[in-house]
Amino acid sequence: MSEKKLGRGLDFLISGENQLEGDEVIEVEIERVHANRFQPRSEFDESALRELATSLTNHGFLQPIMVRPDGTRYEIVAGERRWRAAKLAGFDTVPALVRSLKDDRMLEFALIENIQREDLDPIEKGKACRQLMQQHGLTQDEVARQLGKDRSTVANLMRLLELPGQIQDLVHHGLLGMGHARVLLRVKEGADQLRIAQRMIKEGLSVRRAEEIVADELKAMHSPTTRKKGQEKAPHIVELEETLAAALGSKVRILLQRGRQDKGKMVVEFYSEDDFQRLITLLAPQRSELP
């Protein structure tokens with residue numbers, strides 16, 4: 001079925017139903033190639049690139065990169081690591097499969113290549129999934145099918161974007177694992193999340209131990225001595241907060257007036273000026289700039 005085909009990854013995208021009549025691999029001057037502007041990976045490990053450069057020197061290219069025409073130059077669709085490694089190794093040309101692709105396919109190819117072959121960090125994956133949804137109007141189910149992943153995996157990745165920017169940076173740089181980050185999502189306040197995250201790192205806590213600590217803290221927060229009667233939110237409100245947070249890529253709080261179900265306020269958090277601009281663009285696309 002089509003869902004299985006979508007889950008085969010980059011090999012399927014390069015071949016199979018995407019193979020066009022007349023496709024051929026050509027040698028392209030390396031300096032006429034530039035990076036994919038839709039590349040979801042923001043950093044490339046230098047030591048890994050040097051290892052790949054050595055492999056290319058010894059064994060050559062086992063698979064061409066994919067590019068699309070861009071004036072007199074070419075933009076990478078997939079294979080940016082191999083292109084970067086080839087430059088390090090001093091190659092003058094690279095083998096390339098040339099395709100004419102629209103912008104709406106570029107992120108898809110770059111994302112699938114990274115996830116299927118090299119793995120983005122969880123924050124990069126979450127941002128790339130969010131970008132797919134926002135730019136192309138996809139649902140989480142559709143993104144999951146495109147990537148050959150379970151919907152729950154996509155939902156969990158996007159939920160990480162609800163965490164404060166400081167914690168996202170810790171995950172991005174490998175100081176916190178995805179398991180630890182998911183534990184922190186159970187804590188509502190950003191200051192408490194950061195405090196617990198710092199403890200996780202300082203004490204080298206396992207995910208299991210982190211879960212125990214968070215459970216103890218939540219129990220204390222919800223004890224009769226630390227909360228007022230009626231302060232807990234109804235399950236359907238909590239579920240709605242989580243749904244909105246996944247759609248917006250930011251933490252959302254729904255605060256009802258005491259004793260009312262028809263009046264209150266909704267708070268959408270942001271963690272930087274760029275994040276604020278992203279939300280403004282998402283919620284009010286007709287406004288392209290901050291006031």
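For a 30 Å ceiling on Cα separation, which of these pairs sit above it: K202/K251; K149/K233; K202/K233; K102/K265; K127/K188?
Checking Cα-Cα distances, K149/K233; K202/K233; K102/K265 exceed 30 Å.
Residues in the range 62-78 carry Karplus couplings, in order, of 7, 8, x, 7, 10, 9, 10, x, 9, x, 8, 10, 9, 9, 5, 8, 8 Hz; the curve used is 6.51 cos²θ - 1.76 cosθ + 1.60 with θ = phi - 60°, and Gly or Pro positions show x.
Just to verify a number: FRET efficiency for L255 and Q134, C-beta to C-beta distance, R0 = 25 Å, to 0.05? According to the calculation, E is roughly 0.45.
For K265 and D169 in the same chain, what is the full-extension length gain: residue separation times 0.36 nm, less their Cα-Cα distance, in nm?
Details: separation 96, 0.36 × 96 = 34.56 nm, distance 2.94 nm.
Here the segment from K265 to D169 would lengthen by 31.6 nm.
Want the number for E27 to R186: 0.36 nm per residue separation, take away the alpha-carbon distance, what's left?
Working: separation 159, 0.36 × 159 = 57.24 nm, distance 5.20 nm.
Between E27 and R186, full extension yields an extra 52.0 nm.
Ranked by the mean number of other Cβ atoms within 10 Å per residue, highest first, peptides 256-263, 179-186 order as 179-186, 256-263. Around the amide H of N36, modelled in the peptide plane, lie the amide H atoms of I76, all under 5 Å away and 5 or more residues distant in sequence or on another chain. Karplus-based coupling profile of the range 144-157, in residue order and whole Hz: 4, 5, 4, 9, x, 10, 6, 4, 4, 5, 5, 4, 5, 5, with θ = phi - 60° in 6.51 cos²θ - 1.76 cosθ + 1.60 and x standing for Gly or Pro.
The numbers here are math on the coordinates, done by the rules we state, and not lab data. For clarity, every value in this text was computed on a predicted model and none was experimentally measured. No Cβ is skipped: glycine too gets one built from the backbone with ideal geometry, and neighbour counts run over all protein chains shown.
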